[in-house]
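The values are calculated or read from the model by the stated rules, or taken from the named source; none is laboratory data. Everything quoted here is computed from the prediction, not taken from an experiment. Note that each Cβ is placed from the backbone with ideal geometry, even for glycine, and that neighbours are counted across all protein chains shown. Side chains included, ligands, DNA and RNA excluded: accessible areas come from the protein's heavy atoms. Shrake-Rupley method; radii C 1.70, N 1.55, O 1.52, S 1.80 Å.
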Amino acid sequence: MGKRIKIILLVGILTISAFLRLWRISEVPPSLFGDELDVGYQAYSILKTGRDYYGNFMPIHFHSLAEWRTPLYLYSAVPTVAVFGISPLGVRLPAAIFGILSILILYLLVRQITKRESLGILSSTILAFSPWHIQYSRAGFEATLLLFLLLLGLWLFFKSLRERKYLWLSIFCLVLTPWVYSTAKLFTPILLIFLFF
């Protein structure tokens with residue numbers, strides 16, 4: 001597979017991925033659900049006051065009406081809420097961006113591990129068309145940011161086996177995962193132990 005063809009394929013996959021994740025994102029799903037509204041109001045409150053809507057200054061866990069929430073997705077929504085307001089686009093755009101970037105990082109990770117360009121292209125194509133990934137990339141879910149940081153951390157780890165400077169970036173990305181989604185508090189330490197061995 002020639003280098004130009006690989007680049008064209010990858011750009012095509014990312015373009016289709018962006019279309020599937022961004023087309024009519026404000027209308028499909030048809031309205032914001034409760035967790036997305038919470039993200040919007042918390043991000044707006046941080047933007048305007050530096051505090052969550054309970055008055056806590058720059059919290060590391062957000063207390064919503066029904067639960068405690070991890071902070072990173074909420075903070076990532078602050079710039080988009082600043083531009084687009086508490087709207088479907090303002091709340092969902094970070095998830096779509098992280099979803100698209102995850103496809104690129106998966107390509108780089110698989111290519112790094114297998115040394116086979118074709119497997120990297122195949123893996124990114126499968127993720128690009130995965131109904132699960134499309135669904136979570138089109139709503140204000142933390143799952144896409146978690147997957148992005150996890151894939152980025154793994155890619156940087158495997159790069160660090162040749163160039164040590166990437167190791168600290170890898171650790172940084174993996175250590176951030178519990179601040180995105182609570183279940184990472186269980187599996188990230190196990191993954192780090194596995195990578196150590």
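How much area per residue is accessible in region 14-143 when the probe is 1.4 Å and only protein heavy atoms are counted (Å²)?
Values: 6250 Å² over 130 residues.
Solvent-accessible surface per residue comes out at 48 Å².
Taking a 1.4 Å probe, which of 194, 84, 141 shows the most accessible area, and what order do the others take after it? Write out the running numbers ahead of the final one.
Working: 194 150, 84 90, 141 50 Å².
Ranking 194, 84, 141 by accessible area, largest first, yields 194, 84, 141.
Helix 184-196 and the longest principal axis of the C-alpha atoms of the chain enclose an angle of approximately 20°. For the chain, the 222 nm mean residue ellipticity estimated from helices alone, with every DSSP H stretch of n ≥ 4 adding -39500 (n - 2.57) and the total spread over all residues, rounds to -22500 deg cm²/dmol. Ignoring any ligand, DNA or RNA, what whole percent of the accessible area of the chain comes from carbon and sulfur when the probe is 1.4 angstrom? Ligands and nucleic acids excluded, carbon and sulfur give 72 percent. 3J(HN,Hα) along region 153-160: x, 5, 4, 5, 4, 5, 5, 5 Hz, from the Karplus curve 6.51 cos²θ - 1.76 cosθ + 1.60 with θ = phi - 60°, whole Hz, x for Gly and Pro.
The charge dipole of region 1-98, taken about its Cα centre with unit charges on the Cβ of Lys, Arg, Asp and Glu (plus for the first two, minus for the last two), comes to roughly 620 debye.
Taking 30 Å as R0, compute the FRET efficiency from the Cβ-Cβ separation of residue 171 and residue 66 and round it to 0.05. Before the final figure, lay out each step's value.
Numbers: r = 33 Å, r/R0 = 1.10.
FRET efficiency, residue 171 to residue 66: 0.35.
The lysines within cross-link reach of residue 3, meaning a Cα-to-Cα straight distance under 20 Å and a gap of 8 or more places when in the same chain, are 115.
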